[in-house]
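**Student:** I'd like to ask you about the structure that follows.
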């Protein structure tokens, strides 16, 4: 019979491999972890961690308020990054996927006219003798709206699967507000770098910049928790090979989103507790300021 995680073992009966094995999360048996709840000492993975005054607690201990001496509602449970613990830790990811799917259906129903109106483009005309359009012509909203457009079924399928696999656990670890800030900051950084470096007449669209930002933040989080980095690094390398190995891919959006995700993610998980909000949202504001500067520089070049 198997032994429950955390049960006593005789060290003399362990082989070298067994002695090095990490326990698994009590709620997610497929995830190894070196972190335990400070109250009940159950092994917990990043998704189940709730930040406490000392260490981390599991969801059950937070809900029961065990050991606190007061009602559970008296102190607000927090995520690893200081966010509020919610009943559905994946809600924002579900909403983002829903918005992307709805916009894609609008693209299919309304055709190229709709896509051309909201895709990221520097400066171009969509018809012979038509007016110039694009970010350089004051349509700055394209930096944002392009994040929710997709070229075809394969494009949106791949991006939405990546958003669910990477985004959902990250949302649980950061909390909703910080996750939203990371997502949109990364996406806008990817759009800004595309606007700066890509040919102005070449349209760009897709959620890849924001998703690469989630990749970068996930790597930072795993490093912070001292997890095995090889799986996320391998996945990132594969995506970068695809980025530079296939045509019609806006590599600028991927790189811009990735760099922003690493910077913002580092601020989210390493900010000192006493200045957590200031550092986290301050870094987001600085990245957005860089986005504005890049857009202004490119606009000056094109006009």
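The values are calculated or read from the model by the stated rules, or taken from the named source; none is laboratory data. Treat the numbers as computed from the prediction; the structure is a model and nothing was measured. Methodologically, a virtual Cβ is constructed for each residue, glycine included, from the backbone with ideal geometry; neighbour enumeration extends over all protein chains shown.
**Student:** Output yes when any residue across the range 93-110 is surrounded by fewer than 17 Cβ atoms within 10 Å (Cβ to Cβ) and part of a loop (DSSP other than H, G, I, E, B), and no when none is.
**Tutor:** Kept after step one, since they are surrounded by fewer than 17 Cβ atoms within 10 Å (Cβ to Cβ), are these residues of the range 93-110: 94-95, 98-99, 101-102, 105-106, 108-110.
Cutting the leftovers down to part of a loop (DSSP other than H, G, I, E, B) gives us none.
Within the range 93-110 (the criterion being surrounded by fewer than 17 Cβ atoms within 10 Å (Cβ to Cβ) and part of a loop (DSSP other than H, G, I, E, B)), the answer is no, since none of the residues qualifies.
**Student:** If you check every pair at least six apart or on different chains, which have Cβ atoms under 6 Å apart with a residue in the range 132-160 that is more than 18 Å from residue 110 (Cα to Cα) and not assigned by TED's automatic domain parsing to the domain that holds residue 215 first and a residue that is modelled with pLDDT of 95 or more and assigned to a helix (DSSP H, G or I) second?
**Tutor:** Note: no pairs meet the criteria.
**Student:** Another question, if that's okay. Could you please give the count of residues in the range 54-78 that are at pLDDT 80 or above and in a loop (DSSP other than H, G, I, E, B)?
**Tutor:** Of the residues in the range 54-78, the ones at pLDDT 80 or above are 56-61.
Among the residues that remain, those that are also in a loop (DSSP other than H, G, I, E, B) are: 58.
Qualifying residue count for the region: 1.
**Student:** Additional query: Which one of 146, 189 is under 24 Å from residue 295 (Cα atoms), in contact with a strand residue (DSSP E or B) (Cβ under 8 Å, 6 or more places away or on another chain) and not in a loop (DSSP other than H, G, I, E, B)? Let's see the steps before the verdict.
**Tutor:** Working: 189 fails: in contact with a strand residue (DSSP E or B) (Cβ under 8 Å, 6 or more places away or on another chain).
146 is the lone residue from the list that is under 24 Å from residue 295 (Cα atoms), in contact with a strand residue (DSSP E or B) (Cβ under 8 Å, 6 or more places away or on another chain) and not in a loop (DSSP other than H, G, I, E, B).
**Student:** Check off (1) touching a residue at least 40 places away in the same chain (Cβ under 8 Å); (2) assigned to a helix (DSSP H, G or I); (3) surrounded by 17 or more Cβ atoms within 10 Å (Cβ to Cβ) for residue 206 and give me the number that stays unchecked.
**Tutor:** (2)
**Student:** Scan the range 256-291 for residues that are without any contact (Cβ under 8 Å) to a residue 40 or more places away in the chain and surrounded by fewer than 19 Cβ atoms within 10 Å (Cβ to Cβ) and jot them down.
**Tutor:** Across the range 256-291, the qualifying residues are 272, 274, 275, 278, 279, 282, 285, 286, 289.
**Student:** Something else: Quick one: residue 221 ticks every box in (1) touching a strand residue (DSSP E or B) at 6+ places or on another chain (Cβ under 9 Å); (2) part of a helix (DSSP H, G or I); (3) farther than 23 Å from residue 141 by Cβ except a single one, so which number is it?
**Tutor:** Only one criterion in (1) touching a strand residue (DSSP E or B) at 6+ places or on another chain (Cβ under 9 Å); (2) part of a helix (DSSP H, G or I); (3) farther than 23 Å from residue 141 by Cβ is unmet by residue 221, namely (1).
**Student:** Another question about this same structure. Taking residue 298 as meeting all but one of (1) surrounded by fewer than 19 Cβ atoms within 10 Å (Cβ to Cβ); (2) under 28 Å from residue 134 (Cα atoms); (3) in contact with a helix residue (DSSP H, G or I) (Cβ under 9 Å, 6 or more places away or on another chain), write down the number of the exception.
**Tutor:** (1)
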